[in-house]
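Peer 1: Supplied in C-alpha cells, the structure appears directly below.
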Amino acid sequence: MDALYDEHIARLALASIEGMRAGRFEGLLREFDTAEQVLRANVTALLSVSRMSLRMAELVIGRRDALDTVRARWDALRARGVTARFCDESAYPDALRKIPEAPLLLLSWGVDGLIPERSLAIVGTRRPCPEAREAAEYVARVAREDGWCVVSGLARGTDAAAHRAAIKGAEIGDWASIAVVGHDLTSIYPPDHRQLAVDVGRVGAVVSELLIADVRARHLVRRNRIISGLCRGIMLI
C-alpha cells in the first residue's frame, strides 16, 4: 500500500476520534512526526505530550483497531469525489482556524478548489412565515448578484430557501452556495433534501467535519460554529 495513502488513513483515524481537538492533533504530529507514528506509540509516550489525558491516550491506542473501518469509509467517500482538508494544511480555510474549537478535519463534496472567503451565512427557523422565506430568498439573491457565496445548513425552511435562491441560475464552478451538515457525507439529512444537496454540490459544496457519524442533535448544533467560521457575516431570520 502507498505510504502517503497509509499516512492519510492514519490522519483520518486520529481526526475522527471524538474529543480530539486541533491543538492536540497538531501537538501529536509535532511530537511524533507522522500520524502513523502516533498510532504506534504506547501510552507512556502519548502521556508525555502536553495536555494529553489518559482517556485520550487510550482512545488513540484503541484507534489502531479501527483502521480498516476508516480505510473503507474513506475509499467510499473518495469514490464519490469527497476531499479532505486538515487544519494543518494550506487548503484549510484560514477564517475557520480562528473560531473556538476549530474542526481539525473538513470533508467536502462539490466544486474543487479553495473555499471562497467572500461568504455570507443565511440561517433561521425551520418553519418560516412567508415573509421570512421571502427575506431569505431576497438576501441570497442580492448576495449572489454581488459575487458572494451563500452558506447555510441544508435544514428545512429558511436554510433551504437560501440555498435554492443562491444556486438558481448558477453555473458549475461559481461557488454559489455551501451546505454545512451535521452528519457524515454518506447520507443526507433531511432525506428529502438529497436532490438539493446534489444541486448545491454542483455549484458549491456540501461539507462536514464528521468522517463517521449519524444524525444527532449535538452534531447539528456543533455544525453551527463551522457555518460561522466559513463566512464574514451571518443573517439570522
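Peer 1: Angle, helix 67-79 long axis vs. longest principal axis of the chain, Cα atoms, 0 to 90°, nearest 10?
Peer 2: The answer is roughly 30 degrees.
Peer 1: For Asp68 and Glu134, what is the calculated FRET efficiency with R₀ set at 41 Å and r taken between the beta-carbons, to the nearest 0.05?
Peer 2: So, using R0 = 41 Å, E works out to roughly 0.25.
Peer 1: Next question. GluC sites (Glu not before Pro) within the stretch 130-176: which are DSSP loop residues with at most 15 other Cβ atoms inside 10 Å?
Peer 2: Glu171
Peer 1: What is the ratio of the Cα radius of gyration of the chain to 2.2 N^0.38 Å, where N is its residue count, to two decimals?
Peer 2: 1.06
Peer 1: Subtracting the Cα-Cα distance from 0.36 nm times the residue separation, let me have the gained length for Glu58 to Asp94 in nm, one decimal.
Peer 2: Taking Glu58 through Asp94 to full extension adds about 9.8 nm, to one decimal.
Peer 1: Between 0 and 90 degrees, rounded to the nearest ten: what's the tilt of helix 158-167 against the longest Cα principal axis of the chain?
Peer 2: 80 degrees
Peer 1: Still on this structure, I have one more. Considering only Ser119, Ser16, Ser187, give the residue with the highest GNM mean-square fluctuation for the chain, with springs between Cα atoms whenever their separation is below 10 Å.
Peer 2: Looking only at Ser119, Ser16, Ser187, the biggest GNM fluctuation is shown by Ser187.
Peer 1: What distance in nm separates the simple spin-label points at Ala76 and Asp112, each placed 7 Å from Cα in the Cβ direction?
Peer 2: Simple spin-label model gives 2.4 nm for this pair.
Peer 1: What distance in nm lies between label points placed 7 Å from Cα along the C-beta direction at Asp192 and Asp6?
Peer 2: With each label point 7 Å from Cα toward Cβ, the separation is 4.9 nm.
Peer 1: Considering only Glu36, Glu209, Glu18, give the residue with the highest GNM mean-square fluctuation for the chain, with springs between Cα atoms whenever their separation is below 10 Å.
Peer 2: Glu18
Peer 1: I'd like the accessible area for Phe32: 1.4 Å probe, protein heavy atoms, all chains in place, Å² to the nearest 10.
Peer 2: Estimated to the nearest 10 Å², Phe32 gives 40 Å².
Peer 1: Lys/Arg Cβ at +1, Asp/Glu Cβ at -1, dipole of the stretch 164-237 taken about the Cα centre: which of Gly173, Val200, Gly233 is farthest positive-ward?
Peer 2: Ranked along the dipole, the leading option is Gly233.
Peer 1: Excluding Val180 itself, what net charge comes from residues whose Cβ is under 11 Å from its Cβ, given Lys and Arg +1 and Asp and Glu -1?
Peer 2: Result for the local shell: +1.
Peer 1: If you don't mind, there's one more thing I want to ask. Sum -39500 (n - 2.57) across every DSSP H segment of at least 4 residues in the chain, then divide by the residue count to get the 222 nm mean residue ellipticity, nearest 500.
Peer 2: -13500 deg cm²/dmol
Peer 1: So which residue, out of Arg223, Arg30, Arg85, gets the largest mean-square fluctuation from a GNM of the chain using Cα contacts under 10 Å as springs?
Peer 2: Looking only at Arg223, Arg30, Arg85, the largest GNM fluctuation is found for Arg30.
The values are calculated or read from the model by the stated rules, or taken from the named source; none is laboratory data. The structure presented is a predicted model; accordingly, all values stated were derived computationally and were not measured. When we count neighbours, we look across all protein chains shown, and the Cβ atoms used for this are built from the backbone with ideal geometry, even at glycine. These accessible areas exclude ligands, DNA and RNA; they are computed on the full protein's heavy atoms, side chains included. Shrake-Rupley method; radii C 1.70, N 1.55, O 1.52, S 1.80 Å.
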